[in-house]
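For reference, the structure is listed below as C-alpha cells.
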Amino acid sequence: MRTILIAAALLAPGTAWAASGDIGCIEAKLGPTAMQRIGDGVVAAVDKGGNPAAALDADRDALLAARQACRSAGNWSPGAVQAAVSYTQGKATKLGAEAALRNDGLDAARLAMAYAALPVDDRRSLIEKASAGALTAVTAATKGAQARRHVLLFYSALAAIEFYPAEFANL
C-alpha cells in the first residue's frame, strides 16, 4: 500500500508548499514548454555522454529571472534557492525521461511503482551517487544501456521530486 501511495504522489500534478513559499515557483515561471525543452535537453546530453547541465543553457536567462523572482517573493535563503532549483531540474528531467522511456517501450507508471518500492536510503541515494540497491533496480528494469540511462534519469528525477521539498521546507 505504501508503494502505491508514494507512486501516486510522485505522479500527481501540482507542487509542494513550504512555509517560505512554493518550491514549484520556478517551474511555474518557466512554463511547460521550457520545462519540456530542458528535460529533453538533459536526456539528449546524457545520451551523447555530455554534461546534463548544458541543457539549461537555452533557458539560462529565463531560469535566472525565475529564480530571482521566486527568491524575492518568498524571501528564500540561498539554501532554499538551491533546493528549489534542484527540484525544478528534477521536474524537467522527469518530463524528458518520460518521453525517452516511451520511446524505449517502457511504462513510466510501472517504473515509478518500482522506484517507490525501493528502500528510502536507496531512493535518496539517487540524488547524488546511486547506491548498489538503486543500481540493481535500474539494471532489473531493462536490458539496453540507453534505456538503463533513461531509467536512471527517471529515478533520479523522482528522488529530486520526493526529497527536495522536505529540504526546502527546513531552510
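The values are calculated or read from the model by the stated rules, or taken from the named source; none is laboratory data. On a predicted model such as this, the values are computed, not experimentally measured, just so you know. Neighbour counts are summed over all protein chains in view; Cβ atoms, including those assigned to glycine, are modelled from backbone coordinates with ideal geometry.
If I filter the range 110-142 down to residues being aliphatic (A, V, I, L, M) and exposed (fewer than 13 other Cβ atoms within 10 Å of the Cβ), which single residue comes out as nearest to Asp47 (Cα to Cα)? Break it down into steps so the answer makes sense when it comes.
Just the residues of the range 110-142 that are aliphatic (A, V, I, L, M), to begin with: 111-114, 116-118, 120, 126-127, 130, 132, 134-135, 137-138, 140-141.
Next, from what is left, pick out any that are exposed (fewer than 13 other Cβ atoms within 10 Å of the Cβ): 120, 132, 140.
Working: Val120: 28, Ala132: 22, Ala140: 20 Å.
Here the residue is Ala140.
Please list, ordered by residue number, the helices (runs of 4 or more DSSP H) wholly in the range 120-171 having 3 or more residues that are of a type outside the set (Val, Ile, Thr), touching a residue at least 12 places away in the same chain (Cβ under 8 Å) and within 17 Å of Gly96 (Cβ to Cβ).
Working: elements: 120-125, 132-141, 145-169.
In the range 120-171, 145-169 are the helices (runs of 4 or more DSSP H) which contain 3 or more residues that are of a type outside the set (Val, Ile, Thr), touching a residue at least 12 places away in the same chain (Cβ under 8 Å) and within 17 Å of Gly96 (Cβ to Cβ).
Failed condition for Asp104, given (1) at pLDDT 95 or above; (2) more than 16 Å from the chain's Cα centre (by Cα); (3) over 16 Å from Gly39 (Cβ atoms), with all others met?
Every condition holds for Asp104 apart from (3).
Is it true that Ala160 is under 29 Å from Cys25 (Cβ atoms), buried (at least 17 other Cβ atoms within 10 Å of the Cβ), among the small types (Gly, Ala, Ser) and under 11 Å from the mean Cα position of the chain (by Cα)?
Yes.
Enumerate the pairs (first residue in the range 87-103 and within 13 Å of Arg148 (Cα to Cα); second residue anywhere and surrounded by fewer than 24 Cβ atoms within 10 Å (Cβ to Cβ)) with beta-carbon separation below 7 Å, excluding pairs fewer than 6 apart on the same chain, so at least 6 apart or on different chains.
From residues that are within 13 Å of Arg148 (Cα to Cα), the pairs are Glu98/Ala108; Leu101/Ala108; Leu101/Leu111.
Picking from Leu111, Leu171, which residue would you name as being at pLDDT below 95 and more than 18 Å from Ala55 (Cβ to Cβ)? Walk me through it before giving the result.
Numbers: Leu111 fails: at pLDDT below 95.
Result: Leu171 is the single residue among Leu111, Leu171 that is at pLDDT below 95 and more than 18 Å from Ala55 (Cβ to Cβ).
Does Arg71 fit the bill of being of a type in the set (Lys, Arg) and closer than 24 Å to Gly31 by Cβ?
So Arg71 fits the description; yes.
Restricting to the range 57-84, and then to whatever is buried (at least 19 other Cβ atoms within 10 Å of the Cβ) and within 15 Å of the chain's Cα centre (by Cα), can you tell me which residue is nearest to Gly21 (Cα to Cα)?
Only one residue tops the list, namely Ala84.
Restricting attention to the range 36-90, which residues are charged (D, E, K, R) and touching an Asp or Glu at 6+ places or on another chain (Cβ under 9 Å)? Show your work before the answer.
Applying the first criterion (charged (D, E, K, R)) to the range 36-90 yields 37, 40, 47-48, 57, 59-61, 67, 71.
Matches in the range 36-90: Arg37 only.
Condition (residue is crowded, with 16+ Cβ neighbours inside 10 Å, modelled with pLDDT of 85 or more and either of a type in the set (Phe, Trp, Tyr) or part of a helix (DSSP H, G or I) (or both)) applied to the range 3-19: is it met by at least one residue?
Checked against the condition, which is being crowded, with 16+ Cβ neighbours inside 10 Å, modelled with pLDDT of 85 or more and either of a type in the set (Phe, Trp, Tyr) or part of a helix (DSSP H, G or I) (or both), the range 3-19 yields no hits at all.
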